[in-house]
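Engineer: After the structure tokens below, expect a handful of questions from me.
The values are calculated or read from the model by the stated rules, or taken from the named source; none is laboratory data. This one's a predicted model, so the numbers in the text were calculated from it and none came from an experiment. Using ideal geometry, Cβ is built from the backbone for each residue, glycine included, and neighbour counts are taken over all protein chains shown. Only protein heavy atoms, including side chains, enter the accessible area calculation; ligands, DNA and RNA are left aside. Shrake-Rupley method; radii C 1.70, N 1.55, O 1.52, S 1.80 Å.
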Amino acid sequence: MKKLRYPGMVIGSTIIYGTIPTLMKLTFPYGGNGILSTLYTCLFALPVLYLWMRKEKVSLRVSPEIARKLLILSLGTCPTSIMLYLSYSYLPVGMATTLHFIYPAAAAVYLFVFYHEHFSLVNLLALVMAFAGVICLSVSHLAGGSVVGMVLAVGSGLTWAFYIVYLDRSGLTSLPPCQLNFYMALANCVVSAVLSVIMGKFAIYSSVFIWPVVVATGILQRVIANALFQTGLSGTKAFTTSILSTFEPLTSLFVGALFLNESLTAVQLVGTAMILGAILLNLLPGRRVS
């Protein structure tokens with residue numbers, strides 16, 4: 001059971017990540033948008049993360065070397081959400097999600113090119129199954145869309161792959177999750193605030209009843225899910241984590257079916273089976289990347 005602890009954390013984080021789009025959609029009728037969602041979720045997560053740091057007696061101060069690494073890591077976290085959310089304006093959400101999930105393949109390429117990591121046939125089979133499964137989940141949305149939207153969605157996948165690989169190889173997973181996520185939320189908050197003003201997307205939600213949803217989303221995503229993901233990554237490595245993360249679209253699919261009355265097709269069920277198969281392949285003893 002101890003061997004499943006870290007993979008379980010990653011899957012737990014992806015379950016939370018998979019519910020976030022549904023929660024975000026609740027804010028859209030009240031003036032919400034993707035960039036604004038990033039801003040507010042980070043803004044409300046910051047005091048929670050700060051109190052967590054105080055409780056754990058973790059200092060805000062970091063060494064110049066850690067500060068440099070955090071700045072580099074923010075190049076992966078900040079563009080990801082913004083590009084993905086912006087792509088929703090040009091593409092169906094399902095198509096954007098499918099293109100975003102290029103990141104397991106991108107992570108494998110980064111690891112091979114920059115870190116000379118090699119993969120077994122089982123690893124590569126899992127990668128193919130995971131990507132094919134994501135396509136099956138969203139095949140009904142893979143028509144139409146603009147080039148701009150496609151570039152944004154693919155770009156979000158490439159930057160997220162960078163985040164996973166760099167977080168793993170930089171040693172930043174050794175930082176307390178409260179400290180790491182405080183600086184990640186701060187970076188995202190600043191960047192999204194500037195962009196929301198420049199792009200004319202800044203707004204105050206028109207209903208007081210939507211704010212508890214926003215606060216809950218910030219805590220779930222930026223505090224709990226991120227901490228689970230980062231801790232899980234420390235015990236599973238980048239490639240396996242990227243495959244486990246494909247559990248996220250499964251969550252989105254079933255949350256949509258349960259709460260938005262979206263139907264499940266036979267092709268989507270096949271995609272579900274393929275993703276679960278890919279995850280199981282990566283959890284087989286001796287089959288994971290070293």
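Engineer: Per-residue ellipticity at 222 nm for the chain, helices alone: DSSP H runs ≥ 4 residues times -39500 (n - 2.57), over residue total, nearest 500 deg cm²/dmol?
Structural biologist: Details: 13 runs with 207 residues, N = 290.
The helix contribution divided over the chain gives -23500 deg cm²/dmol.
Engineer: Can you list the equivalent-ellipsoid semi-axes of the chain, largest first and in whole Å, using the square root of 5 times each Cα gyration tensor eigenvalue?
Structural biologist: Numbers: eigenvalues 148, 127, 61 Å².
After scaling each eigenvalue by five and taking roots: 27, 25, 18 Å.
Engineer: Another question about this same structure. Summarise the accessible area of the chain (1.4 Å probe, protein heavy atoms) by the percent that is carbon and sulfur. Write out the running numbers ahead of the final one.
Structural biologist: Details: 9670 of 13360 Å².
Answer for the chain is 72 percent, counting heavy atoms of protein chains only.
Engineer: May I ask you to give the solvent-accessible area per residue for the range 34-95, in square angstrom, as obtained with a 1.4 angstrom probe? The partial results should precede the final answer.
Structural biologist: Numbers: 3070 Å² over 62 residues.
That works out to 50 Å² for each residue.
Engineer: Same structure, new question: Specify the residue with the greatest mean-square fluctuation among Ala132, Ala238, Ala96, computed from a Gaussian network of the chain linking alpha-carbon atoms under 10 Å apart.
Structural biologist: Ala132
Engineer: Based on the Kirkwood radius over alpha-carbon pairs, what value in µm²/s does the Stokes-Einstein equation return for the translational diffusion coefficient of the range 125-230 at 20 °C and 1.002 mPa s? Write out the running numbers ahead of the final one.
Structural biologist: On the way: Rh = 17.1 Å.
For the chosen part, D equals 125 µm²/s.
Engineer: Near Lys237, which aspartates and glutamates are there with a Cα under 13 Å away, not counting those fewer than 8 places off in the same chain?
Structural biologist: Glu117, Asp168
Engineer: Return the unpartnered cysteines for the chain, using a Cβ-Cβ cut-off of under 4.7 Å.
Structural biologist: Cys with no partner Cβ under 4.7 Å: Cys78, Cys136, Cys178.
Engineer: Okay, next question. Work out, step by step, the length gained on full extension between Ser63 and Val113: first 0.36 nm times the residue separation, then minus their alpha carbon distance; give nm to one decimal.
Structural biologist: Values: separation 50, 0.36 × 50 = 18.00 nm, distance 2.91 nm.
Stretched fully, the Ser63-Val113 segment lengthens by 15.1 nm.
Engineer: Here's something else I'd like to know. Treating the beta-carbon of each Lys and Arg as +1 and of each Asp and Glu as -1, no other charges, what is the dipole magnitude of the chain about its Cα centre, to the nearest 20 debye?
Structural biologist: Here the chain has a charge dipole of around 720 debye.
Engineer: Another question about this same structure. Report the Rg/Rh value for the range 42-172, based on alpha-carbon coordinates and the Kirkwood definition of Rh.
Structural biologist: Numbers: Rg = 17.6 Å, Rh = 16.7 Å.
With Rg and the Kirkwood Rh in hand, the quotient comes to 1.06.
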